[in-house]
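Engineer: Would you mind keeping the following structure in view while I ask a few things?
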Amino acid sequence: MSGVMRPETEAELAEIVAGAAGPLAIQGGGTRRIGGAEGAVLETSGLSGVVLYEPAALTLVVRAGTPLAEVEALLAGERQRLAFEPLDMRQVLGRTGVSTIGGVVAANASGPRRVQSGAARDALIGVRFVSGRGEVVKSGGRVMKNVTGYDLVKLMAGSHGTLGVLSELSFKLQAQPEVEATLILEGLDDGPGLAALRRALGSPFDVSGVARVSGRSVVRLEGLAGSVAYRVGQLRAVLPGDVSVVEGEASAEIWRNVRDLAPLQGPEGDLWRISCLPTHAAELAAAMGGTVLFDRAGGQVSMVLPEGQGEALQKALAGRGQAILLRGAGALPFARSSAEVLALSAGLKSAFDPKALFNPAQSRGLF
Amino acid sequence: MDMPQPNARIIARKSSILALLSQVLPPDAVIGDPAETRAYECDALAAYRCQPLAVVLPRTTEEVSAVLRICHAEGVPVVPRGAGTSLAGGSMPTEDAVVMGLARMTRVIETDYENRFIHVETGRTNLSVTQAVEAEGFFYAPDPSSQLACAIGGNIGMNSGGAHCLKYGVTTNNLLGVRMVLMDGTVTTIGGPWDEPGSLDLLGVVCGSEGQLGVVTEAWLRILPKPEGARPVLVGFAENEVAGACVADIIRAGVLPVAIEFMDRPCIEATEAFAKAGYPDCEALLIIEVEGSEAEIAEQLAKIKEIALRHNPVEFREAQDEDQARRIWLGRKSAFGAMGQINDYMCLDGTIPVSSLPYVLRRIGEMSAEFGLGVGNVFHAGDGNMHPLILYNANKPGDLALCEAFGAEILKLCVEVGGCLTGEHGVGIEKRDLMVVQFAPVDLEAQMRVKDVFDPQWLLNPAKVFPLAVSAGRRDAVTTGPGASPRTPGIFEDRKCQA
Amino acid sequence: MQTHFTEAQLADPGVARANEILRSCVHCGFCTATCPTYQVLGDELDSPRGRIYLIKDMLEAGRPADAQTVKHVDRCLSCLSCMTTCPSGVHYMHLVDHARVHIEKTYRRPWVDRMLRNVLAFVLPHPGRMRLALLGAKIIRPFRRLLPDARLRAMVEMAPKTIPPVSRNDDPQVFAATAPRRMRVALLTGCAQKALNTDINDATIRLLRRLGCEVVVAKGQGCCGALTHHMGKEDQAHSAAAANIHAWMAERRGAGLDAVVINTSGCGTTVKDYGHMFRNDPLAADAAEIAGLAKDISEVLAQIGLPQGAPREMRVAYHAACSLQHGQQIKSAPKDLLKRVGYEVVEPADSHLCCGSAGTYNLLQPEISAQLKARKLATLEAKAPQVIAAGNIGCMMQLGSGASVPVVHTVELLDWATGGPMPRALHESA
């Protein structure tokens, strides 16, 4: 098999996989792949289009190759959105192309609102995919609560195309808020700046973003106008630093930058994304140096480091979290795992893809 | 309910198995006397019962691991049990199985408010997790109706939901990590107190796997700051259809109540007779709860009221104080008990797209007349999670079978309209044979392959989730020769337990 | 739940009632969450749901009780927390009482058990014998470690160090109201209580008279029957209860009675159940009438109303006796009364859990009882009270043996705040 394969239907996709003799590199828009592309390219962009959209039930079913922008435009027309705020990593990873909804799910790519509304995996309520056996498998469905059988939906989200090719996805949606506002806290060092974010996140004021970027701590509030005004006032009264408030587009811009790791797009070097305890973040950043963006009140730390800092980073983490190398030599979508987790992952890989067809480069993280 | 033929060889070796278990557990942690194991023959689905071989009540992960190692070596099936509150028979034993009760593992290991998690042993009850953190203004969000009694371990097994999951999600959305013992005794940690696993989402598939992949002994759970306040309103309607349309409009409008509960006339009448909550005389009522400060609550309720009034409700009742709020919830919370006063009941929990509510309720009413069995509906309307309670007389021969047939028809209807068999109770024993209605053979095969990886011998929580005919090949491969013939080697067979 | 009784079995009214109760249970398991013994032991067999299952099995089979079933039923405190929790209204009390009678009739306990139970049944309900026993315990106390049985040791240890003299107030008589008369009430003066503590009845009488009640200590009344009832000794219990019914009905038919006042809530639960106890007896009508007249002292006081008092600078930890909060569903009245007369009232965490006293339970199940006592004291003392108040002598003895602050009856504090003397226990600690 050579060249690019671009199935137009799920059945065609299954046929291609069933007949594949060698490795396949699954490609949505090619914007998010972490690690190399080995094997014949299998493009999903032909599997495009909305299958069902019920705004009154907050439900969307869409084919995996549908461009993310199309999905977002459709939802915006009904004043709805994907709650998990999918990020655009093209700039920071130096890619071009068109993000697809399948790629977003495969990477479990979730933005700052994760602290309030969860990740892509939390919004995903159903999947259809083609396994390495060439079988079309479905799990979940189109209803918000579903515990019928094992939750392969979660397993597929964030599996980076190592277990199957996503063909159709169902989401639980969220209504767009009436207004949004951001509190900006200036004049604080990382330690107190992050402590303020933890305090906001631990308050009853339902914050939907808590990040620290370019020396400023930012806290987002969304909802009905009266409610946002009230919560801004409450938080303003208790948070330290020089506090100012921006609303509307100015607020949205801040969060697009946090989401897409804008401050890390410039600097050269390895890009790491660390998931850790928020209270550990400042210490970790201080130990490593480099350019840093803190999201989730420090629960997610993205940093650009010189090459070869992997071991030092692991040492600083000391098992209290995990780190993924997004950009740089040896980048892989998975972090280091325990022997048991690796053995189970390898078991799942061979159960779903016994011929090891899918994304061989990414799959190395599973062994 | 068909159950697999128990393994006679295991039953014959009962005393030697008990002796082995007694070597790793204190005397009060091994129960083998048939007079005592009887009480463990069922959970909250008492219609299905099967007395186990033995019951063990470990106190530590190390004891859990030691027991599993023995059962693995001996080929003895193990049925994990939290508090035994499953409505789906999720912890119903088989005659050749050891029940592993986790009720003694209730410690809070760590509470970390700044990082918003609590680390607990999984025998701890759901409500007591919230009780452990509420003094600091936090709570654990998933709140199944049985939250007073149900264990976190069972919640993880079934991916439990609750009335308030419309806003906060279900167990899987609030679970950060687990410590789990695999069937061969290997102790492993999946996830942790941070929110990304950095691996395949094993936690996502463990949650909701009904105790068939491993025994979860500890969990890291997300705790959330308690909202400043909450207030319910009660809205009564003259027709189910109108109530359903009102729900759709509220959701559409972008107001996010934390709960929207629905009760139909039979259920309203039963709860009024039992709990006397003072509900209006109407066909359908909604209980809608919103959260926030006083002003925020008022803002949301004003929107909800405006929408509700467009649907000409027979009553719109706003709670003015704590006591009125309590009374609004009283009937809803008494619904199961109230139906139980009338007769035995079977509680289903199929989920349907919200748009199908009126049609499904009408069809259930028609089927109720066809089968000659009463049914009341009380459910989480915001997410379409139905809870039809079918009334029958357990002491009347043939009634259970009739009830099962009726239940199966309701669940098939749920699938037909685009929904599923179970929204939060789990498949268990109850819906096992209906799985083929929702899933094609390849779908089930994919799920069973996951089990093959975690529990290659299919010893954990046997005879659940997958129809017996579908899982026959796998179960036969291991039940033909436990303790005698060579078994499929597990991937952890040669690993030492890591405690 | 499905049950399997034959028509012949159901002809027995006791079995018929048990069947009715079992049928109302849906096996949901909520009761396990609030059961004290399940909290301590973590075995479903030591929870209400497990016991219901064991009892169901025993009764359906119609066989004599076996040792395992007896062990788990014996471990039940009869605190009735499960009844407060049960969403389906399962009457666990009647079921377990019936099971205890069945056990007493069909199970031969080991010799030591029988001896202990017979001694308790012989002594406790009779104040004279009780005083003698307490005296004996006082003498044996220094040598208690030599006793061969943990339960015997527990009995000796539970006995108070000082034994109050007999109070003449407990003799049959009529106390006139000292304020304009509004009610005529009988006071159950109790049995074990008046041997252990005479202050409670004295304070009750003073307080009631002051509030305009004529208080009758009826001739012929005695133990309410609860102690033997919970041991399954049906005949003894019934004869004690019948004597009370006769004594009070004589007053009711004579000078009239508006209430039977009970200041030991364990007794109150039983007296309020006389109607059920005698439902198949010629005394049924009288028993039901007395059951209807029975009131806890806090109910009567709430009905009469207490004068509002000025703040008293005293923090009272209110311990809810199970027989009051679960058995009689009286939850707020005692706290409201204490607050009304000026005390600051605090409540321990897990206030629904039993302190482990439970009638003769602390004597017969000393290990579980001790664990529950330790938990209760820890939660009470976490509230840093100056005094602990309870409405049941059993709880007072149990807590008093380990608490670092005095333990008094709620009525003693109410009496003090409305003109009576300071409770003796407070004097002693001051």
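Every read-out reported here was derived from the displayed coordinates using simple, explicitly stated rules and does not represent laboratory data. Small disclaimer: the values here were computed from a predicted structure and weren't measured. Every residue, glycine among them, receives a Cβ derived from its backbone with ideal geometry; neighbour counts consider all protein chains shown.
Engineer: If each DSSP helix of 4+ residues adds -39,500 (n - 2.57) and the sum is divided by the residues in the protein assembly as shown, what number results at 222 nm, nearest 500 deg cm²/dmol? Intermediate values should be presented prior to the final figure.
Structural biologist: Details: 56 runs with 523 residues, N = 1296.
For the protein assembly as shown, the value works out to -11500 deg cm²/dmol.
Engineer: Also, I was wondering about something else. Taking chain C as a whole, which cysteines find no other cysteine Cβ under 4.7 angstrom from their Cβ?
Structural biologist: By the Cβ distance rule, which asks for a partner under 4.7 Å, the isolated cysteines are C:CYS25, C:CYS28, C:CYS35, C:CYS76, C:CYS86, C:CYS213, C:CYS355, C:CYS395.
Engineer: Wrap a convex hull around the Cα atoms of the protein assembly as shown, take a quarter of its surface area, and give that in square nanometres.
Structural biologist: Working: hull surface 200.5 nm².
For the protein assembly as shown, averaging the hull's shadow over all directions gives 50.1 nm².
Engineer: Tell me the angle of helix A:190-201 to the major Cα principal axis of chain A, expressed in degrees between 0 and 90 and rounded to the nearest ten.
Structural biologist: Orientation of helix A:190-201: about 80 degrees from the principal axis.
Engineer: Indicate, rounded to the nearest 5 percent, the antiparallel portion of the DSSP beta bridges found entirely in the protein assembly as shown. Show your work: numbers first, answer last.
Structural biologist: Numbers: 119 of 156 bridges.
The answer is about 75 percent antiparallel.
Engineer: While we're here: Would you be so kind as to identify which of C:LEU293, C:TYR343, C:GLN329 lies farthest towards the positive end of the dipole of the range C:253-388, taking Lys and Arg as +1 and Asp and Glu as -1 on Cβ and the Cα centre as origin?
Structural biologist: C:TYR343
Engineer: Shielding by partners for C:43-51, please: the mean number of other protein chain Cβ atoms within 10 Å of each residue's Cβ. Walk me through the intermediate numbers first.
Structural biologist: On the way: counts 11, 12, 10, 2, 5, 0, 8, 5, 1.
Average neighbour count from other chains, rounded to a whole number: 6.
Engineer: What are the aspartates and glutamates whose alpha-carbon lies under 18 Å from the alpha-carbon of C:LYS161, with same-chain residues fewer than 8 places away excluded?
Structural biologist: Hits, sequence-local ones excluded: C:ASP199, C:GLU428.
Engineer: Hey, another quick one. May I ask you to evaluate 6.51 cos²θ - 1.76 cosθ + 1.60, the Karplus curve with θ = phi - 60°, for each residue of the range C:139-156 and list the ³J(HN,Hα) values in order in whole Hz, giving x for glycine and proline?
Structural biologist: Result, ordered by residue: 6, 6, 2, x, 9, 4, 5, 7, 5, x, 10, 4, 5, 4, 4, 4, 5, 5 Hz.
Engineer: Taking the Cα-to-Cβ direction at B:TYR359 and at B:LEU402 and moving 7 Å from each Cα, how far apart do the two end points lie in nm?
Structural biologist: 2.9 nm
Engineer: Here's something else I'd like to know. Determine the relative contact order of chain A: mean sequence separation of Cα pairs under 8 Å and six or more apart, normalised by residue count, in whole percent.
Structural biologist: Relative CO of chain A lands at 18 percent.
Engineer: While we're on this one: Obtain the nm distance between the two label points defined at B:GLN320 and B:TYR113 by a simple spin-label model: each point lies 7 Å from its Cα along the Cα-to-C-beta direction.
Structural biologist: The two pseudo-label positions are separated by 3.5 nm.
Engineer: Starting from the Cα-Cα distance between A:ALA225 and A:ALA73, subtract it from 0.36 nm times their residue separation and give me the gain in nm to one decimal.
Structural biologist: Net length gain for the segment: 52.4 nm.
Engineer: How shielded is A:153-160 by partner chains, expressed as the average number of their Cβ atoms within 10 Å of its Cβ atoms? Could the numbers behind the result be given before it?
Structural biologist: Working: counts 5, 12, 9, 4, 3, 7, 4, 1.
Taking all residues of A:153-160 together, the mean is 6.
Engineer: Further question: Need one number: convex hull volume per residue for the range B:281-388, Cα atoms only, in Å³. If you can, show how the numbers build up before the last one.
Structural biologist: Values: hull volume 14.1 nm³, N = 108.
Cα convex hull per residue, to the nearest whole number: 130 Å³.
Engineer: Can you figure out the FRET efficiency of A:ALA312 with B:GLU136, using R₀ = 41 Å and their beta-carbon distance, to the nearest 0.05?
Structural biologist: Values: r = 36 Å, r/R0 = 0.88.
The value I calculate is 0.70.
Engineer: Okay, next question. For the range C:168-301, what proportion of DSSP beta bridges, expressed in % and rounded to the nearest 5, is antiparallel? Display every interim value, and only then the final one.
Structural biologist: Values: 3 of 14 bridges.
Approximately 20 percent, going by the DSSP bridge assignments.
Engineer: Let me ask something else about it. Report the net charge of residues surrounding A:ILE254, where surrounding means a beta-carbon distance below 14 angstrom and charges are Lys +1, Arg +1, Asp -1, Glu -1. All intermediate terms of the calculation are to be shown ahead of the outcome.
Structural biologist: Working: positive: A:ARG113, A:ARG212, A:ARG216, A:ARG220, A:ARG256, A:ARG259; negative: A:GLU85, A:GLU180, A:GLU186, A:GLU222, A:GLU247, A:GLU249, A:GLU253, A:ASP260, A:ASP295.
Net charge in that neighbourhood comes out at -3.
Engineer: Here is a further query. Please state the Cα pair-distance histogram of the range A:215-367 with 10 angstrom bins from zero: what percent is in each bin?
Structural biologist: All Cα pairs considered, the percentages come to 9, 30, 28, 20, 10, 2.
Engineer: Another one. Over all residues in A:54-61, what is the mean tally of Cβ atoms on other chains that come within 10 Å of each residue's Cβ? Kindly include the intermediate steps, with their values, before the conclusion.
Structural biologist: On the way: counts 7, 3, 11, 14, 8, 5, 0, 1.
Taking all residues of A:54-61 together, the mean is 6.
Engineer: Looking at this model, which pairs from C:LYS272/C:LYS295; A:LYS355/B:LYS464; C:LYS339/C:LYS373; B:LYS276/B:LYS333; C:LYS71/C:LYS233 are more than 19 angstrom apart at the alpha-carbon?
Structural biologist: On the way: C:LYS272/C:LYS295 8 Å; A:LYS355/B:LYS464 30 Å; C:LYS339/C:LYS373 26 Å; B:LYS276/B:LYS333 12 Å; C:LYS71/C:LYS233 17 Å.
Going by Cα-Cα distance, A:LYS355/B:LYS464; C:LYS339/C:LYS373 fall outside the 19 Å limit.
Engineer: What is the sum of charges around C:PRO334, taking Lys and Arg as +1, Asp and Glu as -1, for the other residues whose C-beta is under 15 Å from the C-beta of C:PRO334? Don't skip to the answer; put the middle values down first.
Structural biologist: Values: positive: C:LYS295, C:LYS331, C:LYS335, C:LYS339, C:ARG340; negative: C:ASP296, C:GLU299, C:ASP336, C:GLU344, C:GLU347, C:GLU412, C:ASP415.
Net charge around C:PRO334: -2.
Engineer: If you put +1 on each Lys and Arg Cβ and -1 on each Asp and Glu Cβ, how big is the dipole of the protein assembly as shown around its Cα centre, in Debye rounded to 20?
Structural biologist: Working: 127 positive and 140 negative charges, 753 e Å.
Here the size comes out at about 3620 debye.
Engineer: Place a +1 charge on the Cβ of each Lys and Arg in the range B:57-195 and a -1 charge on the Cβ of each Asp and Glu, then give the dipole magnitude about the Cα centre in debye, rounded to the nearest 20.
Structural biologist: Details: 9 positive and 14 negative charges, 34 e Å.
Roughly 160 debye for the range B:57-195.
Engineer: Helix B:399-416 versus the longest principal axis of chain B: what angle, 0 to 90°, nearest 10, using Cα atoms?
Structural biologist: With both axes taken from Cα atoms, the answer is about 70 degrees.
Engineer: While we're here: Sorted from fewest to most neighbouring beta carbons within 10 Å, what does the list B:SER368, B:SER15 look like?
Structural biologist: On the way: B:SER368 19, B:SER15 9.
Fewest-to-most Cβ neighbours within 10 Å comes out as B:SER15, B:SER368.
Engineer: Using the Cα centre of the range B:265-365 as origin and beta-carbon charges of +1 (Lys, Arg) and -1 (Asp, Glu), tell me which of B:TRP329, B:VAL290, B:PRO358 is placed farthest towards the positive end of the dipole.
Structural biologist: B:PRO358
Engineer: Follow-up question, since we're still on this one. After finding the eigenvalues of the alpha carbon gyration tensor for the range C:244-400, what semi-axes result from the square roots of 5 times each, listed largest first in whole Å?
Structural biologist: Details: eigenvalues 188, 96, 20 Å².
In descending order the semi-axes read 31, 22, 10 Å.
Engineer: Between A:SER337, B:ALA149, C:TRP248, whose Cα lies farthest towards the positive end of the dipole of the protein assembly as shown when Lys and Arg beta carbons carry +1 and Asp and Glu beta carbons carry -1, centred on the Cα centre?
Structural biologist: Going by the charge dipole, the pick is C:TRP248.
Engineer: Would you mind calculating the relative contact order of the range B:148-251 from Cα pairs under 8 angstrom and at least 6 residues apart, reporting the percent as a whole number?
Structural biologist: Values: 114 pairs, mean separation 29.2, N = 104.
Computed over the range B:148-251, the figure is 28 percent.
Engineer: Now a separate question. Separation between the B:ALA73 and C:GLU367 pseudo-spin-labels, each 7 Å from Cα along Cα→Cβ, expressed in nm?
Structural biologist: 2.9 nm
Engineer: So if I average 1/r over every pair of distinct C-alpha atoms in chain B and take the inverse, what Kirkwood radius in Å does that give? Write out the running numbers ahead of the final one.
Structural biologist: Values: mean 1/r = 0.0424 Å⁻¹.
Result for chain B stands at 23.6 Å.
Engineer: Could you give the size of the charge dipole of chain A about its Cα centre, using +1 on the Cβ of each K and R and -1 on the Cβ of each D and E, expressed in debye and rounded to the nearest 20?
Structural biologist: Details: 36 positive and 36 negative charges, 142 e Å.
Its charge dipole is roughly 680 debye.
Engineer: Considering all alpha-carbon pairs of chain C, what whole percent are spaced by more than 36 angstrom? Intermediate results must be reported in sequence, preceding the final value.
Structural biologist: On the way: 21737 of 92235 pairs.
Taking all Cα-Cα pairs of chain C, the fraction more than 36 Å apart is 24 percent.
Engineer: So what's the range C:307-429 giving for Rg/Rh, alpha carbon basis, Kirkwood Rh from the mean inverse pair distance?
Structural biologist: On the way: Rg = 13.8 Å, Rh = 14.4 Å.
Rg/Rh: 0.96.
Engineer: Among B:TYR392, B:TYR48, what is the fewest-to-most ranking by other Cβ atoms within 10 Å?
Structural biologist: B:TYR48, B:TYR392
Engineer: If you count, for each residue, the other Cβ atoms within 10 Å and average over each peptide, how do B:5-14, A:97-106 line up from highest to lowest?
Structural biologist: Put in order of decreasing packing, that is A:97-106, B:5-14.
Engineer: As I understand it, the value is the acute angle between the Cα axis of helix A:225-238 and the longest principal axis of the Cα atoms of chain A; what does it come to in degrees, rounded to 10?
Structural biologist: With rounding to tens, the tilt is 60 degrees.
Engineer: Below 8 Å, C-alpha to C-alpha, sequence gap of six or more: please give me the relative contact order for chain C in percent. Display every interim value, and only then the final one.
Structural biologist: Working: 732 pairs, mean separation 59.2, N = 430.
It rounds to 14 percent for chain C.
Engineer: Same structure again: Using the 10 angstrom Cβ neighbour count as an exposure proxy, how do A:LEU152, C:LEU257 rank, fewest first? Could the numbers behind the result be given before it?
Structural biologist: On the way: A:LEU152 28, C:LEU257 23.
Exposure proxy ranking, most exposed first: C:LEU257, A:LEU152.
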